[in-house]
Amino acid sequence: MMAKCRSSISYLAALAAAMAVAMPAFSQEQHAAELSKVVRLNRAPVSNETLQVTLPRPVVTKLPNGLTVLVLERHKLPTVNIVLQFGTGDMSDPKDLPGLAKFTIELLREGTTHRTSAQLAADVDKLGATLNCFSGFGSTVSSVVTSGLSPSTGQILDLISDIVLNPTFPQDELEKYKARQLSLLEQHRSQPYVLADERFHQALYGDFPAAVTLPTPESIKAASVERLKEFHERYHVPSNALLAVVGDVKADQFIELSRKSFGEWKGQPAPKADWSHLPPPAPAKIYLVDRPDSVQANIVAGDYGARRTDKDYIALYVMNRVLGDGPQSRLFLNLREVHGYTYGAYSGVGDDKYREAWRANTEVRNAVTDGSMEQLLAEFKRIRDEKVPEPELNEARHAIVASFALSLEQPQELLYRWILVQDYGLPVDYWDRYPVEVAHTTADAVQTAARKYVDVDHLQIVCVGDPKQPGNDQKQTIRDVLKKYGTVEVYDTNGKKEE
């Protein structure tokens, strides 16, 4: 997977008051009884044996210019998947030009000193290959991703090296790209989930780079050939890059091809970023984004999550599986199956080098905003206050391990797992131990993770909707409904705070 003013009114006090009213009418016993109406057939084929795996090891080497090369041989099909990953993404954008990393990486394929944009596209088509470049807001990496037939490996590498070593960022292509981005930005800002994501990240991260989720019209217009070249020369350098391949190649042959294509690539070491210093957790607050005439409310709630390298990451991941990861989770069963408030309710966790958000989200009819908020908070309270019953926990652990096992059949998934090991400095047996650690995650560990990360004292809640629409059966407006659960700040769809 999916962005401060302070107040003397305590969100926790408001939450406790709301629960005091709500719980007599909907007790924990009644909650369990209602959920029991959902029939679990338990017919999925599940083995009680812990999955034991030893992933095939890649060959990893470093070229004299500092480029790391990772080769994972898989000879079932005559294909290759190649990734050139840079250790810099939109988290490194300058404050005056959000989106610069994205603009730079995406425009690599629009022209070089040897090929025009059209010629590059034609050469990719001739090889029956794919070539994509991307970076995302909140990401610490940018990537060039390609695939093709293994006999074309050398030609594919030559194409990658051409766009990375010899980009020209043609002015005419840049102008067309900027026009497309302005149109896309307008479309994005019309989408409620985009507005919710933006406000949530701003509430959570403050001045930290992860607060930015979209470019601005000004940053798109300000993007210039000079700024793109400057960013490219600073960050797209061999010592800041990892070239990885999975497929029908021999390691020594691929390494030799890499030397031929990238051996002359030079550049000064890129600046090293430190993502460990987040703003202190903000006091809990509710943000209402005023989107006139919305027929539903988009709700996002969450706080800082864990990094993949944190010791309690796996416990958090298991907790999230129980709470909101899929149609078998508590949020889905409660808000959809029991109450019929929504088509779906989910939660998710990130795993980047900084603490990406843990968050829950749902889209509900305006008239059930009140009930949806009540049930979301009730589920947060339950996962914190009660240990997960062993049958439910066992189901979550089995599901995670089964999904992991299935992913090992996909070469691309294997490659990205090894890129993660290399990029994050994880132990080489990390994925061998992963299913065992998941299977041995206890109810105590899950509850400890829930109490740490489902932090009601610092919960940031965003609701995108029409404040004037009724939010419950008593015809209270959505704005008045949200005030029952804490302090509310209202913003327009352009991010400006309303009085």
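Things worth noting here:
- For the chain, DSSP calls about 75 percent of its internal beta bridges antiparallel.
- Of all DSSP beta bridges in region 280-492, antiparallel share, percent nearest 5: 65 percent
- Amide N of region 142-161 lying under 17 Å from the label point, which is placed 7 angstrom from the Cα of Lys260 along Cα→Cβ: 149-161
- Column: log10 I(q)/I(0), Debye, Cα scatterers of region 59-262, q = 0.11 Å⁻¹: -0.56
- At full extension, Asn132 and Ser224 could sit 31.0 nm farther apart than now, given 0.36 nm per residue minus the alpha carbon distance.
- Full-extension gain in nm, Asp125 to Leu278, via 0.36 nm per residue minus C-alpha separation: 50.6 nm
- In terms of packing, defined here as the mean over residues of other Cβ atoms within 10 angstrom, the peptides 434-445, 176-187 line up highest first as 434-445, 176-187.
- Segment Thr309-Lys250, extension gain: residue separation times 0.36 nm, minus the distance between their alpha carbons: 18.1 nm
- Rounded, prolate or oblate (a/c below 1.5 giving rounded, otherwise prolate when a/b exceeds b/c) for region 327-468 by Cα gyration tensor: prolate
- Packing-based ranking of 335-341, 369-375 yields 369-375, 335-341, ordered from highest to lowest mean Cβ neighbour count within 10 Å.
- The order of the peptides 389-396, 303-310 by mean Cβ neighbours within 10 Å, most packed first, is 303-310, 389-396.
- Under the Debye formula (equal points on every Cα, no solvent term), log10 I(q)/I(0) of the chain at q = 0.06, 0.09, 0.11, 0.12 Å⁻¹: -0.32, -0.72, -1.03, -1.17
- Note on Arg365/Glu489: beta-carbon distance plugged into 1/(1 + (r/R0)^6) with R0 of 25 Å gives a FRET efficiency of 0.60.
- For the cross-link pairs Lys178/Lys311; Lys126/Lys272; Lys221/Lys497; Lys272/Lys387, the ones whose C-alpha atoms lie over 32 Å apart are Lys178/Lys311; Lys126/Lys272; Lys272/Lys387.
- Using the Cβ-Cβ distance between Glu337 and Val53 with R0 = 30 Å, the FRET efficiency computed as 1/(1 + (r/R0)^6) comes to roughly 0.30.
- Efficiency of FRET between Gln268 and Asp96 - r from beta-carbon atoms, R0 22 angstrom, step 0.05: 0.45
- Estimated [θ] at 222 nm from DSSP helical runs (n ≥ 4, -39500 (n - 2.57)) normalised by residues in the chain, nearest 500: -12500 deg cm²/dmol
No lab work stands behind these numbers, since they all come straight from the coordinates. These numbers were taken from a predicted model, which means no experiment stands behind them. Cβ sites come from the backbone with ideal geometry, for glycine too, and all protein chains shown count toward neighbours.
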